[in-house]
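See structure below.
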Amino acid sequence: TYGADATRWYLITNASPWDSLKFDEEGIKEVQRKFFGTLYNTYQFFALYANVDGFTFKESYIPLRERPEIDQWILSSLNSLVKTVEENFDAYEPTQAGRAIEEFVDSLLSNWYVRLCRRRFWKGEYEHDKICAYQTLYECLETITKLIAPIAPFFADWLYSNLNEVTKRFEYSSVHHAFFPKTNEAVINLSLEKRMKLAQDTSSLILSLRKKVNIKVRQPLQKVFIPAMDAEMA
């Protein structure tokens, strides 16, 4: 089964991975909460339901075109992230790489993909749609461990080991022996990423307007008008 051992939490509390030139204790707390805490909770969510359903990635890899659009979107965004991180590491910009990873984990993976797919994990039989969700989230977590390995070595190795000990997808016992991820250009769909970004921005703006006029989230809105700037946006 997938572990979720919190005893190694101390490994991430002693350094800020994206700030090597200045020390800011509050900045460390912010990175711990927003990035490491979010990634840890996302893994815990995955491990909880994967253990219940016995997911070990034993099924054949489901082709991207056979997965729901939201799976295609997050994997497209993941591969776009790999490209961005590699470019920044090659340019000796670990801070920019770390911020890109943090943005993906917090805004895309946790607060959007997992939230919208939560029912896919806990409801229904262990069939095609649920397997798609498990494979997609697993691939995201696995790739993130490799991306953060150069700047968060201990946490990356802990998470990689927890994942790989169950699935045995790689013969490497440590993430630091594994190859760095390569961008799969065939998976990237910039049009889909742009459409989803519009959906995210729209949801965020509507939420802020609700708060401004004290309309609770559970109260349906009769209509919402969104000005389209051009034909493509419409």
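Test of the criteria: in region 175-206, which trypsin sites (Lys or Arg not before Pro) are in a DSSP loop and have at most 15 other Cβ atoms within 10 angstrom of their Cβ? Hits after loop and neighbour filter: Lys182. Computed over the chain, the percent of Cα pairs more than 23 Å apart is 54.
At 1.4 Å probe size, with the rest of the protein present, what percent of the exposed accessible area of the chain is carbon and sulfur atoms? Solvent-exposed carbon and sulfur of the chain make up 53 percent of the total.
If each residue of separation counts as 0.36 nm, what is the full-extension length gain between Met229 and Phe89 once their alpha-carbon separation is subtracted?
46.8 nm
All C-alpha to C-alpha distances of region 70-129, sorted into 5 Å bins beginning at zero, yield P(r) values of 4, 17, 22, 18, 15, 10, 7, 5, 2, 0 percent in whole numbers. By the scheme Lys and Arg +1, Asp and Glu -1, what is the net charge of all other residues having a beta-carbon under 11 Å from that of His176? Taking every Cβ under 11 Å from that of His176, the sum is 0.
If you take every residue apart from Val187 with its C-beta less than 12 Å away from the C-beta of Val187, what net charge results, scoring Lys and Arg +1 and Asp and Glu -1?
On the way: positive: Arg65, Arg67, Lys83, Lys182; negative: Asp71, Glu139, Glu185, Glu193.
Its environment carries a net charge of 0.
The calculated pair-distance distribution of region 126-176 uses every alpha carbon pair, bins of 10 angstrom beginning at 0, and gives 26, 49, 21, 4 percent.
The values are calculated or read from the model by the stated rules, or taken from the named source; none is laboratory data. Not measured: the values here are computed from a predicted model. Don't worry about glycine lacking a Cβ; one is built from the backbone with ideal geometry, like all the others, and counts go over all protein chains shown. In case anyone asks, the SASA skips ligands and DNA or RNA and just uses the protein heavy atoms, side chains included. Shrake-Rupley method; radii C 1.70, N 1.55, O 1.52, S 1.80 Å.
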